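What follows is a set of notes on a single structure, which appears directly below.
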């Protein structure tokens, strides 16, 4: 939105206190519309608050399609609603609890420490201290990522999972990384799942090795692990964590990856005459995790959205991810046997700051003088200056 609309949105958000709104999950429906008249601009503004327990991205599209059919006068052509209980029944009759436990014990049984990037441990946050940054992956890097994925017979999602594991491994000091990955649920949800409302998405842990194994082996192992996880996409996170050596309430992980297939096209609200006079001004989404990477697979290109606590910096994490993807592609192109531990996640600018700027500590001093001679000279120059601090005790140079 331009500045004027941005101001109005800010006022609307403040008046509705959207950031502190909570939905009562005991009462349907899990959505709320708040609206107000913007008399100065002769229009109405509205906010839609929804919870993922009822509406994910696919369900929002379904709902918007139904609204469009009503606006066109074609509500009678809408199909019957798909009951969520059909999906529940299929899940209950699917993979057994014992099979879920066997899979997650094999993957997580030896892990007794959580993966906490930057030491972030609060996985029950309200999103109030989160900042967001978006960036597009360059056309050339996107092309190379897809090329390498095809040549190895893996999905592009596998490369992104490995690159994200690289980033998390470096900022948490771990060679076996665990993070949450969002699974769609609708792909194996049965007939009508693409039109149903309800909780389909699930977050489950995935463990990725980023130590001494080769880049090629790391990609193949990540792809195999991700493929295996899809067969258990309906397991509960609580069950998965109990299969690890990390004892609750300590979280098994505090970072999330949401890889989603999106469409790079103008917004339907703007493209269709049905929505004439109705304009979408923007939206926000939040999770309870302190560090979230969302990857939008746009068919050819990719876009990243990072949500991170302010003190870490969302743009910083996005730059790490792009550097990790670049180093991964370079290695796969010419040196697939390179160890994953030798790849970098640092952008050139930050690497220079760490190695050069922070180490610019040169100081001139009389090199023929002894250490105690230098100290004696300092005592003569500033006898009352503080020389030593220990707790509450202080000594100046004369006293020392």
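Values in this text are rule-based calculations from the coordinates and carry no lab data. In this text, all values refer to a predicted model and were calculated from it rather than measured experimentally. Ideal geometry is used to build each Cβ from the backbone, glycine not excepted, and the neighbour counts take in all protein chains shown.
Computed values, structure above
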| read-out | value |
| --- | --- |
| Top of 244, 142, 262 by mean-square fluctuation, Gaussian network on the chain, Cα under 10 Å | 262 |
| Cα long-axis angle, helix 139-152 against the chain (0 to 90 degrees, to the nearest 10) | 80 degrees |
| Additional length obtainable on full extension of the chain from residue 371 to residue 281, 0.36 nm per residue less Cα span | 25.8 nm |
| (1) 1.19; (2) 0.99; (3) 1.25, with the label sought being that of the calculated Cα Rg over 2.2 N^0.38 Å | (3) |
| Highest to lowest packing among 372-378, 201-207, 321-327, 252-258, scored as the average C-beta count within 10 Å | 252-258, 321-327, 201-207, 372-378 |
| Computed over region 242-400: relative contact order in percent, which uses C-alpha pairs under 8 Å that are six or more apart | 13 percent |
| Estimated FRET transfer efficiency (residue 390, residue 362; beta-carbon r; R0 35 Å; 0.05) | 0.75 |
| Where labels lie 7 Å past Cα in the beta-carbon direction, separation of residue 122 and residue 98 in nm | 4.3 nm |
| Packing-based order for 213-222, 157-166, 273-282, 28-37, using average beta carbon neighbours within 10 Å, highest first | 157-166, 213-222, 28-37, 273-282 |
| Relative contact order of the chain, pairs being alpha-carbon contacts under 8 Å that are 6 or more residues apart, as % | 20 percent |
| Whole-angstrom gap from region 46-98 to region 182-230, using each part's C-alpha centre | 22 Å |
| Within a Gaussian network of the chain (alpha carbon springs, distance under 10 Å), most fluctuating of 310, 167, 356 | 356 |
| Estimated distance in nm for a label pair at residue 140 and residue 217, the labels positioned 7 Å out from Cα along Cα-to-Cβ | 3.2 nm |
| Relative contact order (percent, whole number), region 307-347, Cα cutoff 8 Å, 6+ residue spacing | 46 percent |
| Residue-averaged 222 nm ellipticity for the chain, from DSSP H runs of 4+ at -39500 (n - 2.57), nearest 500 | -11500 deg cm²/dmol |
